[in-house]
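Comments concern the structure below.
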Amino acid sequence: MDEARQMTTILPRKGVVIVGLGWTGSILALELARQGLDVVAIERGPWRDTATDFNIGTAADELRYSARQETLVKPAQETLTMRNTPAQTALPIRSWGSFLPGSGVGGSGMHWNGQTWRFLPNDFVINSHLTARYGAAALPQGHQIQDWGVTYDELEPHYDAFEYLCGISGVAGNLRGKIQEEGNPFEGARQRGYPTPPLKQGYAQDLFAKAAREHGLHPFPRPSANLSTAYTNTYGCSLAPCTYCGFCERFGCANYAKSSPQTCVLPALMREKTFEARTECEVTKVNLSADGKHATGVTYVDKDGVEFEQPGDLVLLCAYALFNVRLMLLSGIGKPYDRDRNEGVVGRNYAYQSSSGSTAFFESARFNPFAASGSLGVTADDYNGDNFDHGGLGFVGGASITSAHTNGRPISYRPVPPGTPTWGAAWKRATADTYQKVTTVNAAGSVMSYRDCYLDLDPTYKDPLGRPLLRMTFDFQDNERKMARWMAEHCVDIAKTMGAKQTVLNTITEPWSVVPYQTTHNTGGAVMGSDPKTSALNKYLQSWDVSNVFVMGASAFPQNAGYNPTGTVGALTYWALNAIKTTYLKNPGPLVTV
Amino acid sequence: MVYKTRREVLAASAVAALATPALGRTISGEMPWEPNDAHPPAPVVPGPLQFLTPDEAATIDAIVDRLIPSDELGLGGKDAGCTVFIDRQLAGSYGTNETRYTKGPFPEHTLPSQGAQSPLTPREQYRNGLAALATYCKATFDGRAFEALSAAEQDTLLKGLQKGDVKLPGFSAKMLFAAVHTNAMEGYFADPVYGGNHEMAGWKLVGFPGTRYDYRDVIANPNQPYTRPPVSIQGRAEWTKPGK
Ligand SMILES: Cc1cc2nc3c(=O)[nH]c(=O)nc-3n(C[C@H](O)[C@H](O)[C@H](O)COP(=O)(O)OP(=O)(O)OC[C@H]3O[C@@H](n4cnc5c(N)ncnc54)[C@H](O)[C@@H]3O)c2cc1C
C-alpha cells in the first residue's frame, strides 16, 4: 500500500473534479466549464458515442446488450452485496438482475427508458403532509419518512430546464394553475408546456385510455425522452424523432431520438476549451484535509492499475446513487449510518420502486409489442402520492398506473398463460399463440424509508482493489406490499374493462430478489434535508460535513415517490448548480448553517 | 476482448509507444470521433466445435430438440443451431465468466433472493454437468446415453432435472437444466449472427421482425397484422446472395 502510494502521480490542480460522466456529471461539466472553470470529469468506463457504439447496423442486438449486458459496469469490477434483513448475511450480486447500473460516458443515461417525471408537490413535504392529513399514527411502523428540505415550487424552474434540455414529449396537465384536459390534472403547476408534443400511442394504450376513463380516472400520455419530433435543445444539440424501434431500455439509441448525455450534452461539452474527460479511470477515494472538513481532490486508478491523485477545489460526486454512497463511506465524508443505534446518515434511507399490476390475455388482438419505445405509454395518476384518500386503506404512498409496451424482444419477452410449461411442444404452441395477444397494466409505486433499509460497507466481500463492497439491506415492507396489492387489484379491474379474457394479478409476495429485473431506481443513502442528524446533504445537495463536496443523483431522495427518478434527479442537478453558480463560487463554504 | 475497435487498437499502440503515464484516456477539445469506427459482433461461421466435445454436442442436440421440438410451427432447437450457439458462447468470454463477480467465500446456505452463487463458470457447468448426466444415464438406462433414449424417456428425465427430483452424481441437476434451458432459448431467439435462430425460426415463431428499427407505420395502424419478414444484423439471405 505504502509502495503504491509513493508511486502515485500527482496531477496539476483543477477547479472542478467530477466523478462520473453520466447524466448529472455531464450537465454540471458543461455548465461549470461555461463559467470559465477548469473542469475534469473522471469516468470509469469507456468513451461512447452514437455512430461508433450504437450504430444502427449493430445497436439492435438483444443478446449483446440485454442478455450479456455489454455496456453495464462489470460486477467483476464493482458490485454490491445484498440481504433482505439486518439479521441475514449479505452475499454478492454476482451478475446484475434487479437493477442495471451503467458504465462509460453517458452512464445509465445512455441505456435508460426515458420516462421523465416530475414528482408531485406533496411528495417533497410528505411527512408534514401525511401527518397533518391522517395523523402521525397513520405512518408505517419503523419508517423514517421525511420532508426533502426543498419544495416543488423551488424546483419548478429546474424541472423546466431539464425537460427543455431533453426535449421531453408530453402534454401539460397544469399550466400555471389551469388544468388542461389532455394532461395530468394532478401534476404541480408548470410555467410552460412540454417542449415537444406527446408520442403517438399503440393499440393497448388506446384500449387502456378508454377503460381508465370508464373507471373515472384521468389518463394522459406518459412524458417521454424518446422524442415525438425533431428538437434542438438549449445547448444547440439536435435530436431526431423516435421510430418506435423497440430497442430502447438497455440500449443506446441509433436514431439520436432518445435524450441522453450523448444526444443532449456531449456535443456542446466537448467544445468547451476548459473541459477534459478522462475515461477508463476509476475514482477510488475523495481525499480530505487532515481535519476531514475539506476535500483536497480525488485518487483514481487507470485501467492499467496506475494510480493518480487529482487535486481540485470543488468535488462533485456524479457516480450514480449507489456508488456515490460507497465513495462517501470509503472516503469518510459524513457519519456512516448505524442502524442499531439509529445514528449517522451516510447509507441511511435506502429505497427503491415497487412494481405490481396485471397481465392481460386477449382472445384476439395484435398488440405488435415490438413497435414500442422506452417511454411509450398512457398513465393515470389518480392513485399516486396522496392524490386519493388513504383513510382506512392501511397504507401510505401511491403509484402511477400505466399501459405500455417498451419492447417485444423475444429472448426476454415471451409471455405465456399461467400454467404453461417452460419448454416442449405445449410451450412452443403457447408462445406462438400468445405473443400478439398480451398486454399489461402496471403500477410503479413509491417506497418509503425505514430504519431497516440501508446501505453500508460489507464486512467480507471486496472489489479487485481490495476495498469493501457496498452492502444493501432491503426488503419491501408491509406498507409497500399492501399498497402494491391494492394497486394491482385496480390494474386487474382496468384490464378487464379493456376486454381481457384472462387476467393475472402480479404483486409482491416474496422477499425482494436481485434476480428478475425490476427497476434501476435505487434511491437514498445520501439524502438531502434540513437537519444534519437525519440528512447527509443540505437542501443544495452539499455535504453538511465537507462543504466543497456536492453529491448529485437519486441518492439524495429521502424516500422514493411513485415515479421514475431521473426527472427529479435532473431538476435537483440544475437546482444545485444554480446555488453553486450564484452563491458558492463567489463565497465557497457551507450554503446552509444550522 | 471480443469486440476490438480500431480505436482500441490505435489507443493500445499509442500507449505502448509512449513511456509517460497513460492517464487512462484523455479527451478534450472535440468529439473523439473517427469515420467507420463501429464495432459489429464477429459472426459465427459454420465449422468444427470450439468448446463442446462431439459427445457433449450430441447430448445438447438431443436436449435442445426436446426443449424446442421440431413441429409444424417451425424448426426445432437442433436444426435452429442452438448447439452451435451454445458451443460458440462457451468458447467465448461468456464461457469464462469474464464479467461476473467471482470472489469467495461461497457459503453453503444462500437465500433464493440473493441469486446464483456458484463459483463455477458456464464452461465448468456444461463440462461437469454433462459428464454427470452421462454417468447417470449409463447407470440408469442400461448403458444408453441421453441421446439414445426415447423422446418420452428424455422428457421425463428433463422434467426430473428441472425440478431437482433426479439426483446427478456430484452435480446439481437443476443447475445443468437451467444453463441449457437459458442458453437454448437465447440461441433460438437471438440474432442469427450468433449461430442460432437459423432461418430466423425463433423470430418467425412469434412474429418478431428483428432489427427493422422503424415501426412508425405500425403505430399509425393499430391492431393490424405485421407482414414484412424479419431482418437480422446481417440483413436477409436473399439480400447478400444474389440469384437465391
Ligand atoms: C435499464 C434502465 C432503464 C431506466 N429507465 C429510466 C426511466 O425510464 N426513467 C427514469 O427516470 N430513469 C430511468 N433509469 C435511471 C436513470 O438511468 C438514472 O436515474 C440516471 O442515469 C442517473 O444519473 P446519474 O448521473 O446519477 O448516474 P449515471 O447516469 O449512471 O452516471 C454515473 C456515471 O458515473 C460513473 N462512475 C461510477 N462510479 C465511478 C467511479 N468510482 N469512478 C469514475 N466513474 C464512476 C459510471 O460509470 C457512470 O458513467 C433507467 C436506468 C436503467 C439502467
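The values are calculated or read from the model by the stated rules, or taken from the named source; none is laboratory data. Since the model is a prediction, treat every value here as computed from it, not as a measurement. FYI the Cβ positions are ideal-geometry reconstructions off the backbone, even for glycines, and counts take in every protein chain you see.
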Notebook entry, point to check: Is it the case that some residue within the stretch B:75-98 is facing another protein chain (nearest Cβ under 8 Å), free of Cβ contacts under 8 Å to residues at least 24 places away in the same chain and among the aromatic types (Phe, Trp, Tyr)?
Noted result: no
Next item on the list: Hey, could you check the stretch A:278-301 for residues that are within 11 Å of the ligand (Cβ to nearest atom) and not β-branched (Val, Ile, Thr) and say which is surrounded by the most Cβ atoms within 10 Å (Cβ to Cβ)?
Entry: A:CYS281
Checklist line | Pair list, Cβ under 9 Å, 6 or more apart: the stretch A:50-66 residue more than 7 Å from chain B (Cβ to nearest Cβ) and more than 16 Å from B:TYR194 (Cβ to Cβ), other residue assigned to a helix (DSSP H, G or I) and of a type outside the set (D, E, K, R) | finding: A:THR50/A:GLN262; A:THR50/A:THR263; A:ASP53/A:GLN262; A:PHE54/A:TYR65; A:PHE54/A:GLN262
Margin query: Looking only at the stretch A:67-81, filter to residues that are aliphatic (A, V, I, L, M) and outside any strand (DSSP E or B); which one of those is nearest to B:ALA184 (Cα to Cα)?
Written below: A:ALA67
Notebook entry, point to check: Looking at A:SER98, A:SER108, which is the one that is within 16 Å of the ligand (Cβ to nearest atom), outside any loop (DSSP other than H, G, I, E, B), among the small types (Gly, Ala, Ser) and within 18 Å of the chain's Cα centre (by Cα)?
Noted result: A:SER108
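Here is a yes/no grid of residues against (1) surrounded by 23 or more Cβ atoms within 10 Å (Cβ to Cβ); (2) without any contact (Cβ under 8 Å) to a residue 60 or more places away in the chain; (3) aromatic (Phe, Trp, Tyr):
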{"position": "A:LEU100", "(1), (2), (3)": "no, no, no"}
{"position": "A:VAL105", "(1), (2), (3)": "yes, no, no"}
{"position": "A:ILE126", "(1), (2), (3)": "yes, no, no"}
{"position": "A:ALA136", "(1), (2), (3)": "no, yes, no"}
{"position": "A:ASP147", "(1), (2), (3)": "no, no, no"}
{"position": "A:GLY170", "(1), (2), (3)": "yes, yes, no"}
{"position": "A:ASN174", "(1), (2), (3)": "no, yes, no"}
Check: So, of the residues in the stretch A:331-354 that are of a type in the set (Val, Ile, Thr) and part of a loop (DSSP other than H, G, I, E, B), which turns out to be farthest from the other protein chains (Cβ to nearest Cβ)?
Finding: A:VAL345
Note to self: Six or more apart or on different chains, Cβ atoms under 8 Å: show the pairs whose first residue is in the stretch B:160-185 and part of a loop (DSSP other than H, G, I, E, B) and whose second is among the aromatic types (Phe, Trp, Tyr).
What the structure shows: B:VAL166/B:TYR136; B:PRO169/B:TYR136
Item checked: Residues of the stretch B:221-244 classified as more than 7 Å from chain A (Cβ to nearest Cβ) and of a type in the set (A, V, I, L, M), total -> 2
Checklist line | Selected residue (only one of B:ALA237, B:ALA201 is in contact with a Leu (Cβ under 6 Å, 6 or more places away or on another chain) and of a type in the set (Gly, Ala, Ser)) | finding: B:ALA201
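A quick yes/no check of all residues on (1) out of contact with any Ser or Thr (no Cβ under 8 Å at 6 or more places or on another chain); (2) within 12 Å of chain B (Cβ to nearest Cβ):
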{"site": "A:THR406", "(1), (2)": "no, no"}
{"site": "A:PRO410", "(1), (2)": "yes, yes"}
{"site": "A:ARG414", "(1), (2)": "no, yes"}
{"site": "A:TRP427", "(1), (2)": "no, yes"}
{"site": "A:ASP458", "(1), (2)": "no, yes"}
{"site": "A:MET472", "(1), (2)": "no, yes"}
{"site": "A:LYS482", "(1), (2)": "yes, no"}
{"site": "A:ALA495", "(1), (2)": "no, no"}
Check: What tally of residues in the stretch A:48-95 results from selecting those that are crowded, with 22+ Cβ neighbours inside 10 Å, hydrophobic (A, V, I, L, M, F, W, C) and either within 12 Å of the ligand (Cβ to nearest atom) or closer than 16 Å to B:GLU98 by Cβ (or both)?
Finding: 3
Notebook entry, point to check: Restricting attention to the stretch A:264-272, does a residue exist that is within 16 Å of the ligand (Cβ to nearest atom), away from every other protein chain (no Cβ under 11 Å) and in a strand (DSSP E or B)?
Noted result: no
Note to self: Can you report the number of residues in the stretch A:408-437 which are at negative phi and not in a helix (DSSP H, G or I)?
What the structure shows: 15
Next item on the list: Quick one: which residue in A:LEU572, A:LEU585, A:LEU577 is surrounded by fewer than 22 Cβ atoms within 10 Å (Cβ to Cβ) and either touching a helix residue (DSSP H, G or I) at 6+ places or on another chain (Cβ under 6 Å) or at pLDDT 95 or above (or both)?
Entry: A:LEU585
Notebook entry, point to check: A:GLU31 is checked against (1) more than 8 Å from chain B (Cβ to nearest Cβ); (2) in contact with a strand residue (DSSP E or B) (Cβ under 7 Å, 6 or more places away or on another chain); (3) surrounded by fewer than 24 Cβ atoms within 10 Å (Cβ to Cβ); (4) modelled with pLDDT of 95 or more and fails just one. What number does that condition carry?
Noted result: (2)
Next item on the list: Could you list all residues from the stretch A:512-523 that are in contact with a helix residue (DSSP H, G or I) (Cβ under 9 Å, 6 or more places away or on another chain) and within 13 Å of the ligand (Cβ to nearest atom)?
Entry: A:THR520, A:HIS521, A:ASN522, A:THR523
Next item on the list: Give the stretch B:195-219 a look and list any residue that's more than 7 Å from every other protein chain (Cβ to nearest Cβ), surrounded by fewer than 22 Cβ atoms within 10 Å (Cβ to Cβ) and at negative phi, or say none.
Entry: B:HIS198, B:LYS204, B:ARG212, B:ASP217
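Condition check ((1) of a type in the set (S, T, N, Q); (2) more than 9 Å from every other protein chain (Cβ to nearest Cβ); (3) surrounded by fewer than 24 Cβ atoms within 10 Å (Cβ to Cβ)) across all residues:
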{"site": "A:SER356", "(1), (2), (3)": "yes, yes, no"}
{"site": "A:ARG366", "(1), (2), (3)": "no, no, yes"}
{"site": "A:ASP381", "(1), (2), (3)": "no, yes, no"}
{"site": "A:HIS390", "(1), (2), (3)": "no, yes, yes"}
{"site": "A:PHE395", "(1), (2), (3)": "no, yes, yes"}
{"site": "A:SER403", "(1), (2), (3)": "yes, yes, no"}
{"site": "A:PRO418", "(1), (2), (3)": "no, yes, yes"}
{"site": "A:GLN436", "(1), (2), (3)": "yes, no, yes"}
{"site": "A:ASN442", "(1), (2), (3)": "yes, yes, yes"}
Notebook entry, point to check: For residues in the stretch B:106-120 being hydrophobic (A, V, I, L, M, F, W, C) and facing chain A (nearest Cβ under 9 Å), which is nearest to the chain's Cα centre (by Cα)?
Noted result: B:ALA116
Next item on the list: Go through (1) among the polar types (S, T, N, Q); (2) within 28 Å of A:ASN538 (Cα to Cα); (3) surrounded by 15 or more Cβ atoms within 10 Å (Cβ to Cβ) one by one and return the number of the condition A:GLN180 breaks.
Entry: (2)
Next item on the list: Taking the options B:ALA173, B:ALA145, name whichever one is surrounded by fewer than 17 Cβ atoms within 10 Å (Cβ to Cβ) and within 25 Å of the chain's Cα centre (by Cα).
Entry: B:ALA145
Next item on the list: Scan A:GLY109, A:GLY25 and give me the residue that is in contact with a helix residue (DSSP H, G or I) (Cβ under 8 Å, 6 or more places away or on another chain), surrounded by 23 or more Cβ atoms within 10 Å (Cβ to Cβ) and more than 18 Å from A:GLN310 (Cα to Cα).
Entry: A:GLY109
Notebook entry, point to check: Can we say B:THR26 is under 30 Å from A:ALA277 (Cα atoms), within 13 Å of another protein chain (Cβ to nearest Cβ) and either touching a Pro at 6+ places or on another chain (Cβ under 6 Å) or polar (S, T, N, Q) (or both)?
Noted result: yes
Check: Only one of A:GLY562, A:GLY567 is assigned to a loop (DSSP other than H, G, I, E, B), at pLDDT 95 or above and within 16 Å of the ligand (Cβ to nearest atom); which?
Finding: A:GLY562
